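*Asks:* Structure incoming, see below.
The values are calculated or read from the model by the stated rules, or taken from the named source; none is laboratory data. Only a predicted model underlies this, so the values are computations on that prediction, with no experimental measurement involved. Note that we place each Cβ from the backbone using ideal geometry, even for glycine, and neighbour counts take in every protein chain shown. Protein only, heavy atoms only, side chains kept; ligands, DNA and RNA dropped before computing areas. Shrake-Rupley method; radii C 1.70, N 1.55, O 1.52, S 1.80 Å.
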Amino acid sequence: EAAGGKALPCLVDIRDESAVKNAVEKAADKFGGIDICINNASAISLTGTADTPMKRFDLMMGINTRGTYCVTQACLPYLKKSSHAHILNNSPPLNMKPIWFKNHVAYTMAKYGMSMCVLGMAEEFRDDKIGVNAIWPATAIATAAIDLIGGAEMMKSSRTPSIMADAAYAILCRDPSKFTGNFCIDEEIVTEEGVSDLEQYHNCPGTPLSPDFFLGDNYPAPDHFTDTVTGKSSGGIDKMMDKFRPLMTPEVMSKTAIVFALDFGEGGTWTFDMKNKGTISDNDDTPADVTFEMTEDIFLKIVKGELQSTAAFMSGQMKIKGNL
């Protein structure tokens, strides 16, 4: 409020219909109505079908899809009375390529549910002159979620949230009776508004940006997204393991104290015993505390710095089982 705005803080679980209705009514009473509904809340779990418990599935569907529907429904009576009504969902374009489904089908379903609301409601409320649009970033955005998933490495290859804020503001200033049913990309919107220097939004200028998920042909999928699984490499693994062995010092072992395995499928499994023996072997039956599953080629790309480990994990090219 020191910056000139006014706020009404509400603690709300958007899966709770009564809590949503109560918050919306309070906002309408305080501000004399509601002109804009922004659906930003989301839950994420980038896991495959076998590794997504139904509790996690329900959480994503309950917050992303159902929550968006619930909040929008509660705001509708007020939006219909507004002379400048907008609904803006933070959700991706409806890209039906299988690569965006195969590694995290539950999350994709939940996010696409938000996007389907845009597609349907834009037409449903066209006569009411309510603009219904989606906004999605072209790159990773430096948020707490990205920090949790990818750490400092991915934060450096992200843009700041300012680009999403500027793009959202531009969308919400447009005529809702004319600008509706659009799946907007943040950098395209700010460019349309006259911004020519996108580097100002870079969280760490000079670091290559990480492309976001679900984007279309104008934004090719990152290299680590493929429609086919890469097979075995040509002998590079043995040489790489030879380089790792001198690093298995008592000091390193005392700090890590873990046994982990690299499971390359048909390429075999390598066990790093950093708890007891200090060995690296492709013939060790010691139970692993954690196992990293990937192809040999993906592993070599990570080691050579051609692929971020966080990006490999988020895209499903590397899976982690066990207790880190």
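*Asks:* Does Y169 meet the test of being touching a strand residue (DSSP E or B) at 6+ places or on another chain (Cβ under 9 Å) and among the hydroxyl-bearing types (S, T, Y)?
*Replies:* Details: touching a strand residue (DSSP E or B) at 6+ places or on another chain (Cβ under 9 Å): no; among the hydroxyl-bearing types (S, T, Y): yes.
The answer is no for Y169.
*Asks:* Only one of (1) in a loop (DSSP other than H, G, I, E, B); (2) free of Cβ contacts under 8 Å to residues at least 60 places away in the same chain is not met by A43, so which one is it?
*Replies:* (2)
*Asks:* Another question, if that's okay. Looking at (1) in contact (Cβ under 8 Å) with a residue 60 or more places away in the chain; (2) under 15 Å from T65 (Cβ atoms), which is the one condition that is false for Y112?
*Replies:* (1)
*Asks:* Can I ask one more? Please give the helices (runs of 4 or more DSSP H) falling wholly within segment 248-324 in which 2 or more residues are within 30 Å of the chain's Cα centre (by Cα) and not basic (K, R).
*Replies:* Where helices (runs of 4 or more DSSP H) fall fully within segment 248-324 and carry at least 2 residues being within 30 Å of the chain's Cα centre (by Cα) and not basic (K, R), they are 296-303, 309-314.
*Asks:* Which of the residues that make up segment 235-248 are over 20 Å from K301 (Cα atoms) and surrounded by 11 or more Cβ atoms within 10 Å (Cβ to Cβ)?
*Replies:* Within segment 235-248, the first condition is being over 20 Å from K301 (Cα atoms), and the residues that meet it are 246, 248.
Listed by number, the list holds a single entry, M248.
*Asks:* Have a look at D285, D273 and point out the one that is surrounded by fewer than 15 Cβ atoms within 10 Å (Cβ to Cβ) and without any contact (Cβ under 8 Å) to a residue 24 or more places away in the chain.
*Replies:* Going through D285, D273 in turn, just one is surrounded by fewer than 15 Cβ atoms within 10 Å (Cβ to Cβ) and without any contact (Cβ under 8 Å) to a residue 24 or more places away in the chain: D285.
*Asks:* Only residues that are open to solvent by 50 Å² or more (accessible area, probe 1.4 Å) and at pLDDT below 95: list them for segment 43-69, please.
*Replies:* Selection gives I44, T49, A50, D51, P53.
*Asks:* While we're looking at this one, here's another question. Residue under question is I320, and the condition is that it be of a type in the set (V, I, T) and open to solvent by less than 30 Å² (accessible area, probe 1.4 Å); does it hold?
*Replies:* no
*Asks:* I'd like to verify a number: residues in segment 119-144 that are at pLDDT 95 or above, of a type in the set (A, V, I, L, M) and out of contact with any helix residue (DSSP H, G or I) (no Cβ under 9 Å at 6 or more places or on another chain), how many?
*Replies:* 2
*Asks:* Now for a separate question. Can you find a residue in segment 74-93 that is among the small types (G, A, S) and within 15 Å of the chain's Cα centre (by Cα)?
*Replies:* yes
*Asks:* Among the residues of segment 152-192, what is the count of those that are part of a helix (DSSP H, G or I) and either open to solvent by 20 Å² or more (accessible area, probe 1.4 Å) or over 26 Å from S309 (Cα atoms) (or both)?
*Replies:* So the count comes out to 20.
*Asks:* Any residue at all in segment 131-142 that is open to solvent by 10 Å² or more (accessible area, probe 1.4 Å), closer than 19 Å to D166 by Cβ and of a type in the set (G, A, S)?
*Replies:* Yes, because at least one residue in segment 131-142 is open to solvent by 10 Å² or more (accessible area, probe 1.4 Å), closer than 19 Å to D166 by Cβ and of a type in the set (G, A, S).
*Asks:* I want to confirm something. Restricting to segment 1-20 and keeping residues that are out of contact with any Asp or Glu (no Cβ under 7 Å at 6 or more places or on another chain) and more than 25 Å from T65 (Cβ to Cβ), which single residue is surrounded by the most Cβ atoms within 10 Å (Cβ to Cβ)? Please lay out each step first, then the result.
*Replies:* Within segment 1-20, the subset out of contact with any Asp or Glu (no Cβ under 7 Å at 6 or more places or on another chain) is 1-6, 8-18, 20.
With more than 25 Å from T65 (Cβ to Cβ) added as a condition, the list becomes 1-6, 8-9.
On the way: E1: 6, A2: 4, A3: 4, G4: 5, G5: 6, K6: 7, L8: 10, P9: 6.
Ranking the qualifying residues of segment 1-20, first place goes to L8.
*Asks:* Inside segment 103-142, can you point out the residues that are small (G, A, S) and in a loop (DSSP other than H, G, I, E, B)?
*Replies:* Selection gives A138, A140, A142.
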